[in-house]
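The values are calculated or read from the model by the stated rules, or taken from the named source; none is laboratory data. Just so it is clear, the structure is predicted and the values come from calculations on it, not from any experiment. Quick reminder, even Gly has a Cβ in these numbers, built from the backbone with ideal geometry, and neighbours come from all protein chains shown.
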Amino acid sequence: MEGENEVKLHGMWASTYSKRVELALKVKGIPYEYIEEDLRNKSPLLLQYNPVYKKVPVLVHNGKPIAESYIILEYIDETWQNGPRLLPQDPYQRAQIRFWASFIQQQLFGSFYKLISSNGEEQEKAVEEVFEKMNVLEKGMKELLPEGVPEVDGNNSGVLDILVTATFGPYKAHEEVFGLKVLDPEKYPLLFSWVQKLNEIPLVKGVLPPHDKLVALLQFMKQNGLKPSS
Amino acid sequence: MAEVKLHGTLLSPFVYRVIWALKLKGVPYEFVAEDLSNKSALLLKHNPVHKKIPVLVHGGKPVCESMVILEYIEETWPQNPLMPNNPHDRALARFWIKFAEDKGVAVWKMFRSTGQELQNTMKEALEMLQTVEEHGLGEKKFFNGDNIGLVDLAFGSIVYWLQVIEDIVGAKLFESHKFPRLHAWIETFKQVPVIEENLPNRDELLVALKLRREQLMASA
């Protein structure tokens with residue numbers, strides 16, 4: 001029926017935040033229309049849907065917009081209750097996931113950002129910070145998943161799988177452009193093996209940005225001193 | 001019922017968010033006062049990642065980060081709901097909670113800065129207020145509609161503490177003619193019985209924060 005369960009996603013092909021939402025929609029099997037935004041020339045609709053931040057991704061469900069990728073994930077999980085659940089039902093487990101989602105967002109991404117926007121001694125400090133945060137994440141995930149990473153496929157992926165995929169899935173492109181091995185298998189064996197498993201899933205392969213295209217964009221941004229901004 | 005403990009200090013706006021949520025839900029708890037210059041072994045065990053307060057410990061299991069704690073409280077004790085019912089309004093509430101977390105930082109930074117940095121953080125705080133005034137409240141009584149909710153608690157602590165911090169740093173940001181909606185809202189917020197009974201005394205808070213700021217500046 002027209003308008004009933006009409007789902008649109010305003011996104012950008014290289015944005016890790018945008019990819020989170022695409023992954024969630026695909027895992028849940030929700031049909032949607034994708035609108036690619038040119039971040040240097042944002043559509044009037046996007047600015048209308050997200051007046052506070054003017055960023056992607058924005059999910060529009062039956063004409064109503066929702067902004068902020070993690071919030072969109074929880075919205076998708078609450079609204080489409082058929083199919084795999086992205087979050088557990090137990091409040092304590094949900095609290096743990098929200099804690100780590102917040103850590104990835106504020107702490108880890110904060111450090112990544114410092115890393116790519118600094119030079120010289122400041123950048124060396126930023127590198128140390130990134131490794132420290134990765135350590136904390138690795139340790140946290142070990143405690144959260146005492147039996148190791150469960151077998152993942154496109155059918156039982158949860159919010160953490162989605163966050164890890166969107167963040168680290170394209171790690172080879174990041175390494176190539178920034179010349180830094182962040183996802184080091186020796187330092188972070190759990191995270192590394194998790195990413196390997198996730199990257200094998202056909203659904204994931206279909207969503208993550210193509211390697212060469214991403215490398216080209218990141219090189220361009222690096223050379224022109226541009227910073228990522230959705 | 002499993003035991004509930006709250007680790008915190010009575011100067012912290014983040015701790016008060018949790019106190020308000022627990023009291024609004026009628027959840028009995030034990031308050032464990034922490035000395036931030038000498039954090040307890042228990043606090044460090046419960047929050048090894050951030051080593052910060054508040055930490056809620058329910059049946060021995062710790063929950064950290066004030067807004068994560070608030071959602072946990074909401075989901076564990078469903079009486080007197082503090083979040084809207086339908087998913088879209090919940091997403092909107094979470095948007096503003098995240099905004100409060102990300103942008104409210106300007107107020108805490110103001111407290112810790114002087115000179116040019118202070119000017120910069122004041123500008124950030126002003127922008128934050130302007131966005132909330134323009135987009136966040138609308139004509140509603142509370143952020144949550146007719147009744148107080150988690151978004152109100154998130155902003156309540158920011159604004160109440162801002163009003164004190166402004167005096168301390170000599171700023172005049174939160175003026176009533178510039179922010180009529182927010183001014184009306186904070187008065188309504190402070191008159192909610194549970195909030196009124198659980199707000200730190202303004203004069204005492206001013207004195208304590210002034211001292212704290214002096215200590216911070218001295219050790220800088």
Within the stretch A:155-176, take every residue that is modelled with pLDDT under 90 and surrounded by fewer than 16 Cβ atoms within 10 Å (Cβ to Cβ) and give me the one that is farthest from A:Glu129 (Cα to Cα). A:Asn155
Residue list for the stretch B:146-181, restricted to those being of a type in the set (Phe, Trp, Tyr) and more than 13 Å from the chain's Cα centre (by Cα): B:Phe174, B:Phe179
Tell me which residues, restricted to the stretch B:144-171, are assigned to a loop (DSSP other than H, G, I, E, B) and either modelled with pLDDT under 95 or in contact with a Gly (Cβ under 6 Å, 6 or more places away or on another chain) (or both). B:Gly170, B:Ala171
Which ranges mark the helices (runs of 4 or more DSSP H) fully within the stretch B:15-134 that have 3 or more residues being more than 20 Å from the chain's Cα centre (by Cα) and either more than 13 Å from chain A (Cβ to nearest Cβ) or touching a residue at least 12 places away in the same chain (Cβ under 8 Å) (or both)? B:41-46, B:115-131
I need the full set of residues from the stretch B:148-177 which are over 22 Å from B:Arg112 (Cβ atoms), in contact (Cβ under 8 Å) with a residue 40 or more places away in the chain and out of contact with any Pro (no Cβ under 8 Å at 6 or more places or on another chain), in order please. B:Ile148, B:Leu150, B:Val151, B:Leu153
Residues in the stretch A:48-104 that are within 9 Å of another protein chain (Cβ to nearest Cβ), of a type in the set (Gly, Ala, Ser) and within 18 Å of A:Ile35 (Cα to Cα): how many? 1
Here the residues within the stretch A:177-192 that are assigned to a helix (DSSP H, G or I) and modelled with pLDDT of 95 or more are A:Pro189, A:Leu190, A:Leu191, A:Phe192
Looking at the stretch A:86-122 only, could you name the residues that are buried (at least 19 other Cβ atoms within 10 Å of the Cβ) and part of a loop (DSSP other than H, G, I, E, B)? A:Leu86
Let me spell it out: the conditions are (1) hydroxyl-bearing (Ser, Thr, Tyr); (2) within 23 Å of A:Pro210 (Cα to Cα); (3) free of Cβ contacts under 8 Å to residues at least 40 places away in the same chain, and A:Thr16 meets all of them except one. Which number is the exception? (3)
Residue pairs qualifying under the 7 Å Cβ cut-off, at least six apart or on distinct chains, with the first in the stretch A:150-170 being in contact (Cβ under 8 Å) with a residue 12 or more places away in the chain and the second being in a helix (DSSP H, G or I) and among the basic types (Lys, Arg), are A:Val152/A:Lys197; A:Ile162/A:Arg20; A:Leu163/A:Arg20; A:Ala166/A:Lys19; A:Ala166/A:Arg20
Within the stretch A:136-152, tally of residues that are loosely packed, with under 15 Cβ neighbours inside 10 Å and either of a type in the set (A, V, I, L, M, F, W, C) or under 19 Å from the mean Cα position of the chain (by Cα) (or both): 2
Working carefully through the options A:Val21, A:Val58, find the one that is within 21 Å of A:Asp153 (Cβ to Cβ), surrounded by 18 or more Cβ atoms within 10 Å (Cβ to Cβ) and in contact with a Pro (Cβ under 6 Å, 6 or more places away or on another chain). A:Val21
